[in-house]
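Worksheet: one structure, shown below.
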Amino acid sequence: MKDVMGIIYTSKDDINMRELTSSRAVSALPVIGRYRIIDFQLSSLVNSGVRNVGVIMQKNYHSLMDHLGAGKEWDLHTRNDGLFILPPFQTRENVGTYDGTLDALKSNIAYLRRSNQDLVLLMGSYSVFNTNFEDMVKKHKESGADVTLMYTTRYRDSRVSPSMLARHTYLKLDDRENVLDFEIGPNIPENPNFCMDVILMRRSMLVHLVDQALAHGMKDVLRDMLPQYLKQKLLTVRGYEYKGYHRRVESVLSYFEFNMDMLHYDIRQELFANPVYTKVRDEVPAKYVEGARASNSLVADGCIIEGTVENSVLFRGVRVRAGAVVRNSVVMQESEIQEGVEVENVILDKAVTIRSGKLIGQKAYPIVIGKNMTL
Amino acid sequence: MLKKSCIAMLLAGGQGSRLGLLTKTLAKPAVPFGGKYRIIDFPLSNCSNSGIDVVGVLTQYQPLELNRYIGSGQPWDLDLTNGGVFVLPPYVKGKSGEWYRGTANAIYQNISFIEQYDPDYVLILSGDHIYKMDYNKMLQTHIDNKAAATIAVRLVPWEITHQFGIMATDKAGRITEFEEKPAKAKSNRASMGVYVFNWQVLKQYLMEDEADKKSSNDFGKNIIPKMIADKQKLMAYDFEDYWKDVGTIYSLWEANMDLLMDPPLFNLYDKRWRIYARNPIQPPHFIGSSAQVSACMVTEGCEVYGAVSHSVLFAGVKVEEGAVVVDSVVMPGSVIKKNAVVRRSIVGERAVVGENCDVGEGGQSEIALIASDTVLPAGFKVRPGAQVGPEDAVAKEASDK
């Protein structure tokens, strides 16, 4: 896999997850106690032997930069290749923001040209999965197709807004997995093959097509460029089915449900079948004091539990004080639930303190408390 | 190479024979401690936090796991262009070449390593103790005292003085007498095995000691007493915080239990003095619906379905439904199967305690030890104070049939 490079397109703040992404990119969303979404894409690439990864950043890239550092946790702090952080920048031609994936690729065309891998794996940030790309690359080479797209038939809908639906892409396939047509943003899809925004193609071809597509006023690789060129029979496109656990994090509810999914043993085994790397924080192991109660929960290092925790995901350094109850909730790093407080169906962002009372949301509408808030 | 004012030499070659089966296949400094650490994380983190950025680790006994663990030194920020951590096994020099014959000989054999950095001071450490210490403060005291050597000292209970180097000091803290592991101690001021030496002075003594064929080439037995006899200025440096020798099964168990007190006897939560460790790369731990956890430490990768109280679980430990773990230390990757009971025990790495096994007893009974990679067949009983290794378990099962 030395001949494959990766590019991750991190989406900007998203209106559908306003409370959670107001201060961070979707890729930087904290998930499952100690990870960020990008860890899954990065780890999949690294576990497949990819040694050159570019991360296209958006305007609010601070927390993502902080997380990735020099890339040493992913073994990407190497002399040759390694991790390349590609934030938007201003020049005579660039305006300082990216207007779609094609524009982002165009701005970083020099990086694409300079890389020396034959193939490029281009991916978005909404789909969470854990895979080894070796088989996909092998099939891609054998098939001789120009482009291979990863898809899943396991997409689960969790009340997505129309603006997000418009971003969904389904593939119409023949029985040999050749893509016959794209279904862009259907309200009710005709095909079950949900496209995971993972695109494999020759690097030189991508460089060539980006220029052409932009000249024709296109914005997005997956939704504009590939469908049009397929229609014009300029490209052959194939599908590759990913059979493992997949979750699209695209709304507050899907974020909540994704975390809750991990309380199931089988799903956890599936998503963590290959190691997932993340930034190390050197926290002390979690501590349960005498009288603490916990059940059906994921708890990260650095937590101190004195009260009760049920069906919840606790991130690093969370404190649940004596008499406090945390139920069906996602509690991010360094948050604190003080004596006697009860929370249920809530998402507490980083460093939230709940000092008194009850905070009860509904399973289908979890309450979100923003970063650094004290209630 | 850039000159360094002070470098550290960490003696990690000892077998730790008092830890029995636990150190059969790994060096004592590599023994797991406190849920996610290994003993060597403490001196290495202390070095890193004290700003000492050249650390030579002298290895000899079963070094493979230790070498792998230290790696490039990245977890302790010791993967540096100018400095870092270096594993120093004995090596062949010209026609000679031999094992390290003692602590002083180990340093003697690495004089050329030390000289590369042209240090003014050398800090000698051991990989046997759990403590947090600012070596820089000790070094500063050493410099202020214009001493030839400074030894970190603490009071220990009288009944264990025979395990330590014991010293007498005058009012100013100058060491007047030093006895290594005395049968009858005159004081309970014990050496912590942390020394600062003026390098030029130490080098002189190391060479003289090497020339002395009768010497056992040991710091406590030879170098320190010789320096006192020569009226060199040796100072004691009092250290009163938590410090524990984890050289025996019981003390290792007890030090783990110290972490469970509320507030803990030994505080790992100080953000300005973090203890670093190599990360196991596992998801957060999971507590099942049927589980009970109380007064315990649990770390990443654990899956708990049974009842765990007053215990320390290391990375990736699995406690199945109906299993009971009390007053115990379960090291990385071990599995406690259904309905097994583990009390007052240390379970080594990657061990399996089979269904319905009964390990150890409650009360004040002796600590039972299941060695690493041991697979206990279902229903196996381990008495308090017993040590069971992989071969024992197999033999027992065969005889049962």
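Bear in mind these aren't lab numbers, they're just calculated from the coordinates by the rules spelled out. Because the structure is predicted, anything quoted here is derived from the model rather than measured. Backbone-built Cβ (ideal geometry, glycine too); neighbour counts: all protein chains shown.
Computed over the stretch A:1-124, the alpha-carbon pair-distance distribution with 10 angstrom bins reads 13, 45, 34, 8, 0, each value a whole percent. Please compute the contact order of chain A in relative form: average sequence separation of alpha-carbon pairs under 8 Å and at least six residues apart, divided by the residue count, as a percent. Computed value for chain A: 15 percent relative contact order.
Dipole size of the stretch A:64-220 about its Cα centre, with +1 on Lys/Arg Cβ and -1 on Asp/Glu Cβ: approximately 320 debye, rounded to the nearest 20. Between B:Gly385, B:Gly247, B:Gly97, the Gaussian network model of chain B with springs among Cα atoms under 10 angstrom shows the greatest mean-square fluctuation at B:Gly97.
Each of B:Arg274, B:Arg189 was scored by other Cβ atoms within 10 Å of its Cβ. Arranged with the fewest first, they read B:Arg274, B:Arg189.
Computed across the stretch A:216-366, the Kirkwood radius stands at 17.8 Å (inverse of mean 1/r, all Cα pairs).
Look at the alpha carbon pairs under 8 Å that are at least 6 residues apart: their mean separation over the length of chain B gives a relative contact order of 13 percent. Diffusion of chain B by Stokes-Einstein, at 25 °C in a medium of 0.890 mPa s and with Rh set to the Kirkwood radius over alpha-carbon pairs, works out to 110 µm²/s.
Would you order A:Tyr265, A:Tyr245, A:Tyr288, A:Tyr155 from fewest to most other beta-carbon atoms within 10 Å of each residue's own beta-carbon?
Taking fewest neighbouring Cβ atoms as first place, the list is A:Tyr265, A:Tyr155, A:Tyr245, A:Tyr288.
Look at the dipole of the stretch A:184-269 built from charges on Cβ: of A:His208, A:Met196, A:Val249, the Cα furthest out on the positive end belongs to A:His208.
Between B:Gly379 and B:Glu355, B:Asn356, B:Cys357, the built amide H atoms are under 5 Å apart, and every one of these is 5 or more places off in sequence or on another chain. Of the DSSP beta bridges with both residues in the protein assembly as shown, give the percent that are antiparallel, rounding to the nearest 5. Roughly 35 percent of the beta bridges in the protein assembly as shown run antiparallel, per DSSP.
When chain A is treated as a Gaussian network with alpha carbon springs shorter than 10 Å, the biggest mean-square fluctuation among A:Gly54, A:Gly340, A:Gly124 belongs to A:Gly340. For the stretch B:16-94, the set of chymotrypsin sites (Phe, Trp or Tyr not before Pro) satisfying both a DSSP loop assignment and a count of at most 12 other C-beta atoms within 10 Å is given as B:Tyr91. Helix-only arithmetic for chain A: the sum of -39500 (n - 2.57) across DSSP H runs with n ≥ 4, divided by the residue total, places the mean residue ellipticity at 222 nm at -6000 deg cm²/dmol. Each residue of the stretch A:160-165 is assigned a 3J(HN,Hα), and the resulting list reads 9, 6, x, 5, 7, 4 Hz, derived from the Karplus form 6.51 cos²θ - 1.76 cosθ + 1.60 (θ = phi - 60°), x at Gly and Pro.
Among A:Val198, A:Val331, A:Val207, which one shows the biggest mean-square fluctuation in a GNM of chain A, springs joining Cα atoms closer than 10 Å? Its mean-square fluctuation being the largest, the pick is A:Val207.
A 18 angstrom limit on the alpha carbon distance is what I want to check against. Which of A:Lys2/A:Lys139; A:Lys279/A:Lys350; B:Lys184/B:Lys233; A:Lys72/B:Lys36 exceed it?
Over 18 Å apart, Cα to Cα: B:Lys184/B:Lys233; A:Lys72/B:Lys36.
In sequence order, what are the phi-derived ³J(HN,Hα) couplings for the stretch A:233-244 according to the Karplus relation 6.51 cos²θ - 1.76 cosθ + 1.60 with θ = phi - 60°, rounded to whole Hz, with x for glycine and proline? With the stated coefficients, the stretch A:233-244 comes to 6, 8, 9, 10, 10, 10, x, 9, 7, 9, 9, x Hz. Backbone amide hydrogens, once placed in the peptide plane, bring B:Ser372 within less than 5 Å of B:Gly348, B:Glu349, excluding anything fewer than 5 places away on its chain. The alpha-carbon of B:Lys95 sits under 25 angstrom from the alpha-carbons of these lysines, leaving out residues fewer than 8 places away in its chain: B:Lys203, B:Lys213, B:Lys214. Modelled spin-label separation between B:Lys181 and B:Lys3, with each label point placed 7 Å from Cα along the Cα-to-Cβ direction: 4.0 nm.
From helices alone, chain B scores -5500 deg cm²/dmol at 222 nm; the rule is -39500 (n - 2.57) for each run of n ≥ 4 DSSP H residues, then divide by the residue total.
Shape index of the protein assembly as shown: Rg/Rh, with Rg the Cα radius of gyration and Rh the Kirkwood radius from the inverse mean 1/r over Cα pairs, equals 1.03. Electrostatic tally near B:Gln232: other residues with Cβ closer than 12 Å to its Cβ, Lys and Arg +1, Asp and Glu -1, net +4. Lysine pair count for the stretch A:170-254 (Cα-Cα distance under 21 Å; residues 8 or more apart in sequence or on different chains): 5.
This model, with +1 at the C-beta of Lys and Arg and -1 at the C-beta of Asp and Glu, gives the stretch B:183-256 a dipole about its Cα centre of some 360 debye. Less than 5 angstrom separates the built amide H of B:Val54 from those of B:Ala8, B:Gly84, all sequence-distant by 5 or more or on a different chain. Candidates B:Tyr117, A:Met262, B:Ala104 compared by Cα position along the dipole of the protein assembly as shown: farthest toward the positive end lies B:Tyr117, with charges placed on Cβ.
Working from label points 7 Å from Cα in the Cα-to-Cβ sense, the A:Asp75 to B:Asn145 distance is 4.7 nm. Simple point charges give the picture: +1 on the Cβ of Lys and Arg, -1 on the Cβ of Asp and Glu, and for the protein assembly as shown a dipole about the Cα centre of about 960 debye. Relative to one another, the C-alpha centroids of the stretch B:19-73 and the stretch A:95-152 are positioned 42 Å apart.
Could you tell me what percent of the DSSP beta bridges with both partners in the stretch A:1-98 are antiparallel, to the nearest 5? Just about 25 percent of them are antiparallel. Each of B:Asn222, B:Pro390, B:Met261 was placed along the dipole of the protein assembly as shown (beta-carbon charges, centred on the mean Cα), and the one lying farthest toward the positive end is B:Asn222.
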